[in-house]
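Undergrad: Here you go, one structure.
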Amino acid sequence: TKPVSRDRLQAALRRVAQRRAPAGAAPAPEVPVLVVSDRGRVLRLPVSDVLYLKAELKYVTLRTAERSYVLDDALSDLEQRLGDGFLRVH
């Protein structure tokens, strides 16, 4: 409640910091993802789930074990972003 005392604010900020970063816990490694729009939803698919990317006219089809998604990105842009994790085959 207002007015806020400096001591209470600092104590609250310390509690938040402790909850966000538990003692001894290493930060989780960031998993590379591809952002896909599917029926109005935005999905973050881990790159490790991608089986292949296929250029089809103006679009790119992304295939996982479960289903396919259509991307509006260029295959050359995806190739640069994904780096050596994928092999381009003609």
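The values are calculated or read from the model by the stated rules, or taken from the named source; none is laboratory data. As the structure is a prediction and not an experimental result, all values here were calculated from the model. FYI the Cβ positions are ideal-geometry reconstructions off the backbone, even for glycines, and counts take in every protein chain you see. For the accessible areas, the whole protein counts, side chains as well, though only heavy atoms, and no ligand, DNA or RNA atoms are used. Shrake-Rupley method; radii C 1.70, N 1.55, O 1.52, S 1.80 Å.
Undergrad: Take residue 45 and tell me if it is surrounded by 13 or more Cβ atoms within 10 Å (Cβ to Cβ) and of a type in the set (A, V, I, L, M).
TA: Taking the combined requirement at face value, the residue satisfies it.
Undergrad: Next up: Taking into account only those residues within region 10-42 that are open to solvent by less than 80 Å² (accessible area, probe 1.4 Å) and at pLDDT below 80, which is farthest from the chain's Cα centre (by Cα)?
TA: It comes out as 22.
Undergrad: All but one of (1) open to solvent by 100 Å² or more (accessible area, probe 1.4 Å); (2) at pLDDT below 90 hold for residue 54, so report the exception by its number.
TA: (2)
Undergrad: Quick one: is residue 65 touching a Leu at 6+ places or on another chain (Cβ under 9 Å) and loosely packed, with under 10 Cβ neighbours inside 10 Å? Outline the logic, then answer.
TA: Details: touching a Leu at 6+ places or on another chain (Cβ under 9 Å): yes; loosely packed, with under 10 Cβ neighbours inside 10 Å: yes.
The answer is yes for residue 65.
Undergrad: Regarding region 72-89, can at least one residue be identified that is open to solvent by 40 Å² or more (accessible area, probe 1.4 Å), of a type in the set (A, V, I, L, M, F, W, C), closer than 24 Å to residue 30 by Cα and free of Cβ contacts under 8 Å to residues at least 12 places away in the same chain?
TA: The answer is yes, given that some residue of region 72-89 is open to solvent by 40 Å² or more (accessible area, probe 1.4 Å), of a type in the set (A, V, I, L, M, F, W, C), closer than 24 Å to residue 30 by Cα and free of Cβ contacts under 8 Å to residues at least 12 places away in the same chain.
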